[in-house]
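See below for the structure under consideration.
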Amino acid sequence: MFQARSLTFQDLIAQCFGHVDTLNHIRPQLREFVSQRVLQGDTATPENIAAGAHRFIREMRPHFDVMVCSIPSA
């Protein structure tokens, strides 16, 4: 949830246009999030990062589906 507390709407829009420097002010929080939530304390090897990312996406998928389903269709 730190992302919701730390990122502004302008930060999100800037990221959509490739301006990732907007994340610099939350770099320590991002590092902690990846270490604890994605890697679950494992070493940051390519294999562990891939496995953690896949696990995180699987866990978040139902939440994304709910968000997409709640968008009114035109």
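The numbers here are math on the coordinates, done by the rules we state, and not lab data. These numbers come from a predicted model, not from an experiment. Note that we place each Cβ from the backbone using ideal geometry, even for glycine, and neighbour counts take in every protein chain shown.
Note on Ile57 and Arg37: the extension gain reaches 6.1 nm, defined as 0.36 nm multiplied by sequence separation minus the Cα-Cα distance. Ordered by the count of other Cβ atoms within 10 Å of each Cβ, fewest first, Val68, Val38 give Val68, Val38.
If R0 is taken as 35 Å, the Cβ-Cβ distance between Ala14 and Thr45 corresponds to a FRET efficiency of 0.70.
Per-residue extension of 0.36 nm, minus the Cα-Cα distance of Gln29 and Arg5, leaves a gain of 7.6 nm for this segment. From the Cα gyration tensor of the chain, with a ≥ b ≥ c the square roots of its eigenvalues, which class applies: rounded if a/c is under 1.5, or else prolate if a/b is larger than b/c, or else oblate? Since a/c reaches 1.5 but b/c is at least a/b, the shape of the chain is classed as oblate.
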